[in-house]
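> Below you will find the structure I want to go over with you.
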Amino acid sequence: MLKVPEAVLDQLTCEILNRGEAYVELGTLCDTVGGRVAGTEAAKKGEEWAFKLFERWGLACVRFEEFPVLAWTRGTLSAQVVGDHGWTLAAVAHGNAPAHVAAEAEVLDVGHGDTPDYERLGEKVLGKVTLCDEGVAEGRRGLHRTEKLKLAIEAGAAGLMISSSAAGGLSRTGVCHYAEASIPSMGISQEDGSRLQRLLASGRTVRVRIDMQNGVAPGHARNVIAEIPGTDGDEVVLAGGHLDSWDLAQGATDNGLGSAIVLEMARALGKLEKKPRRTMRFALWAAEEVGLCGSHEHVRWHGDALDGYAAVLNFDMTGDPFGYWCPGRPESAELLSGLATQLAGHGIEQRFEHRPGLHSDHQPFMLAGVPVLGLMANLPNEAGRYYHSVGDTFEKVSRAALGRAALAGAATMYALADEPKRSLNRMSDAEVAKMVKEGNLLEALAAEGWRPKAEA
Ligand SMILES: [Zn+2]
C-alpha cells in the first residue's frame, strides 16, 4: 500500500494550501495572454511563461521539446440562414476547419450524427449541411467530434454543424480533423440548433450560407519539461497537463487549471529537503487540443526509456478531487487506499475507477502500457458548461479546489516516486489490447488509425 511520510504531507499541505503561487500566476497568464492555440504566438508566450516559472522555482533540467504542428488560426465566419425569415447563426468554426469556404446548401437534421443516423438518411445527405447535437443514443458509444465530421464527409455532406449541449449561446469549438478539413465544420448554439430542428421537423426547407476564412500554416509547438532529480536509479514519475487551449476565451479551466496544478506540484515538491528515490518529471504538453500531439511526440521520442516510467499522472480540467482513476488497473484500488485515507481531510474518498478512456494526454502513455493515474474530481463554478466556449475564463477556476488537487497530486507523486519497488508495472502489448477491447475503445482508436500490437 502506498503512503506518503507524514512530515512530507505536512510540508506539502502548508506549502500548497497556505503559500500556493500557481493560482495567481494562472490569472496573469489568462488575462495577459489568453487563449493559446497550438503553433500561435500566444501559445509560444504560454510556453515561455511556464519555462520561466519552472526556472524561478528552482526546478532542474528545464527544457523545451519542440515539434512541427499545423498552426490553425480562426479568421472570420458568417453562417446565415437565408430567406425571408433568415437569421445569423451563433456559429464558431471548429479547429482545423478549411481556410476558405463560400457555400450555400440545405440543412439536414442528422440527430446525433452517428452511423445509424447516416445509414437511415442515405442519399438524402448528399450536398447537405448536416446538423447534429452532442448527444449519444442509448447503447451507442459517444463519438468525438472528429468522428462525427468523418461520418458526415463519408456520407457526402457539404458541411457539419454541431449544436451545443449547454444552453445560453455557448457555441463550442474543438478540433474537427487532424489536418485541414475538407468541408466546413462548426459549433452552433443550442438555441440555434433547436430552432433549426423545429423548422426542419415542420417540413420547411432551410438553407444556410457559409462564408469562412481561417489561417492554416506550418508552425511549431513546444512541450515544457522540468525535473526534480531522484536519489536512486533512473526511473521516473511524470506529472503533466496540456497548456495549449482554444482561442474563444482564456483556456482557463481547459487547461490552464491542469497546468497550474502541475506547476504548483513542482513548486511545492521542489521545496522538500528529502528527495524521493525516482526522478519527478513535470510536463506541460503542447498541442493537445489538436490531437494530443505533445504527449504523442514525447512517447515517440522516449521509446524504450518508457520502461522506466513508473507512473504518469495527467491533469486535464481537474476540479475538486474525490478519488483516483487508474485505467486498466483494478488492483490499484488497494494500492491507493492508504493515500486516500491520508488525504481524507482534503476530500479524497475511498473511490477508485479503472475504466480506460481517451482524448487527453494520458492516452499515448496508456496505449504504450505505462501506468497512468488521474484524480476523479468535480469542476466547481459550472465550469463544464463553458467547455470550449467564450465562457472558459479565469473566474471559473476555484483557488481552493486547485490547491486540493495540487496537494493530492503532489502527495501521490511523492509516494509513487519513493516506494522501494514499483507496484504498477508496464503492461505488455497483449495486456494493452485486452484493456482496450474490454473498455470498448477499439472502434474509437481505429478511427485514429491505432491498431493493437498483439492479440487481446
Ligand atoms: Zn483539455
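The values are calculated or read from the model by the stated rules, or taken from the named source; none is laboratory data. All values derive from a computational prediction rather than experimental measurement. With ideal geometry, Cβ positions are generated from the backbone for all residues, glycine too; neighbour counts draw on all protein chains shown. To get the accessible areas, we keep the full protein, side chains included, count just its heavy atoms, and leave off ligands, DNA and RNA. Shrake-Rupley method; radii C 1.70, N 1.55, O 1.52, S 1.80 Å.
> Give the residues of segment 39-76 that are farther than 18 Å from Leu243 by Cα, open to solvent by 50 Å² or more (accessible area, probe 1.4 Å) and assigned to a strand (DSSP E or B), sorted by residue number.
If the condition is that a residue be farther than 18 Å from Leu243 by Cα, open to solvent by 50 Å² or more (accessible area, probe 1.4 Å) and assigned to a strand (DSSP E or B), then Cys61, Arg74, Thr76 are the ones that fit.
> Any idea how many residues of segment 210-222 are farther than 18 Å from Tyr178 by Cβ and buried (at least 18 other Cβ atoms within 10 Å of the Cβ)?
Taking segment 210-222 and keeping what is farther than 18 Å from Tyr178 by Cβ, we get 210-213, 222.
Now restrict to residues that are buried (at least 18 other Cβ atoms within 10 Å of the Cβ): 210, 212, 222.
Of the residues in segment 210-222, 3 are farther than 18 Å from Tyr178 by Cβ and buried (at least 18 other Cβ atoms within 10 Å of the Cβ).
> Does segment 317-351 hold any residues that are away from the ligand (no atom under 16 Å from the Cβ), over 28 Å from Ser428 (Cβ atoms) and of a type in the set (S, T, N, Q), and which are they? Show your work before the answer.
Just the residues of segment 317-351 that are away from the ligand (no atom under 16 Å from the Cβ), to begin with: 320-324, 326-351.
Those left that are additionally over 28 Å from Ser428 (Cβ atoms): 320-322, 340-351.
Result: Thr341, Gln342, Gln350.
> If you take the residues in segment 272-286 that are away from the ligand (no atom under 16 Å from the Cβ) and touching a residue at least 60 places away in the same chain (Cβ under 8 Å), which one is surrounded by the fewest Cβ atoms within 10 Å (Cβ to Cβ)? Please lay out each step first, then the result.
The first filter runs over segment 272-286 and keeps only residues away from the ligand (no atom under 16 Å from the Cβ), leaving 272-282.
Going one step further and asking which of them are touching a residue at least 60 places away in the same chain (Cβ under 8 Å), we end up with 272, 274, 276-280, 282.
Details: Leu272: 18, Lys274: 11, Pro276: 23, Arg277: 15, Arg278: 28, Thr279: 23, Met280: 28, Phe282: 26.
Result: Lys274.
> Suppose the filter is open to solvent by less than 10 Å² (accessible area, probe 1.4 Å) and not charged (D, E, K, R); does Gly251 pass it?
Working: open to solvent by less than 10 Å² (accessible area, probe 1.4 Å): yes; not charged (D, E, K, R): yes.
Considered against the rule, which asks whether it is open to solvent by less than 10 Å² (accessible area, probe 1.4 Å) and not charged (D, E, K, R), Gly251 comes out as yes.
> Can Ala239 be described as within 16 Å of the ligand (Cβ to nearest atom), surrounded by fewer than 24 Cβ atoms within 10 Å (Cβ to Cβ) and not polar (S, T, N, Q)? Please lay out each step first, then the result.
Numbers: within 16 Å of the ligand (Cβ to nearest atom): yes; surrounded by fewer than 24 Cβ atoms within 10 Å (Cβ to Cβ): no; not polar (S, T, N, Q): yes.
Answer is no for this residue.
> Shifting gears a bit: Considering every residue within segment 94-103, establish whether at least one is open to solvent by 40 Å² or more (accessible area, probe 1.4 Å) and free of Cβ contacts under 8 Å to residues at least 40 places away in the same chain.
No, segment 94-103 has no match at all.
> Still on this model: Is there a residue in segment 109-131 that is touching a Ser or Thr at 6+ places or on another chain (Cβ under 6 Å) and open to solvent by 20 Å² or more (accessible area, probe 1.4 Å)?
Taking segment 109-131 first, the residues touching a Ser or Thr at 6+ places or on another chain (Cβ under 6 Å) are 110.
With the extra rule that they be open to solvent by 20 Å² or more (accessible area, probe 1.4 Å), the set shrinks to none.
Looking for residues that are touching a Ser or Thr at 6+ places or on another chain (Cβ under 6 Å) and open to solvent by 20 Å² or more (accessible area, probe 1.4 Å), one finds none in segment 109-131, hence no.
> Run down Val82, Val107, Val69 and say which single residue is within 24 Å of Ala201 (Cα to Cα), modelled with pLDDT of 95 or more and either out of contact with any Lys or Arg (no Cβ under 6 Å at 6 or more places or on another chain) or not β-branched (Val, Ile, Thr) (or both). Break it down into steps so the answer makes sense when it comes.
Numbers: Val82 fails: either out of contact with any Lys or Arg (no Cβ under 6 Å at 6 or more places or on another chain) or not β-branched (Val, Ile, Thr) (or both); Val69 fails: within 24 Å of Ala201 (Cα to Cα).
The conditions single out Val107.
> In addition: Please tell me if His354 is open to solvent by 20 Å² or more (accessible area, probe 1.4 Å) and within 16 Å of the ligand (Cβ to nearest atom).
Details: open to solvent by 20 Å² or more (accessible area, probe 1.4 Å): yes; within 16 Å of the ligand (Cβ to nearest atom): no.
When the stated conditions are applied, His354 does not pass them.
> Now, a different point. Failed condition for Glu289, given (1) open to solvent by 10 Å² or more (accessible area, probe 1.4 Å); (2) farther than 22 Å from Glu66 by Cβ; (3) at pLDDT 95 or above, with all others met?
For Glu289, the failing item is (2).
> Yes or no: segment 259-271 includes at least one residue that is away from the ligand (no atom under 16 Å from the Cβ) and surrounded by fewer than 24 Cβ atoms within 10 Å (Cβ to Cβ).
yes
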